[in-house]
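Single-structure report; data block below.
Just so it is clear, none of the values below were taken in a lab; they were calculated from the coordinates. Just so it is clear, the model here is predicted, and its values are computed rather than measured. Cβ: placed from backbone, ideal geometry, glycine included. Neighbour counts: every protein chain shown.
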Amino acid sequence: YQARRRIAFTLIPMAFVLTTTLWALVRLMIGNFELAKKSGATVELVNSITSLILIVLALFVVGRAFVALRGERKGTLLPETA
């Protein structure tokens with residue numbers, strides 16, 4: 001994007017991979033949570049909590065990317081963090 005080239009050929013596969021990964025994590029979280037509720041197993045509960053954390057982290061990264069791109073378009077770049 002910074003080189004002002006077309007980004008659709010990378011953006012479309014990235015969106016597909018992100019969508020399928022998040023969908024799988026949501027299904028895994030729901031399935032493990034229901035299984036943990038029925039049997040009281042702690043492994044499934046830990047798996048569902050871990051899936052939820054991964055979903056939140058993925059959405060955080062996507063949000064940061066949108067904020068960074070919007071900042072570039074306005075001409076105010078975000079400061080780089082170490």
Inter-probe distance in nm under a simple model that places probes 7 Å from Cα toward Cβ, at Ile30 and Val46: 2.5
Compute the length gained on full extension between Ile12 and Lys37: take 0.36 nm times their separation in residues and subtract their Cα-Cα distance, giving the result in nm to one decimal. 5.3 nm
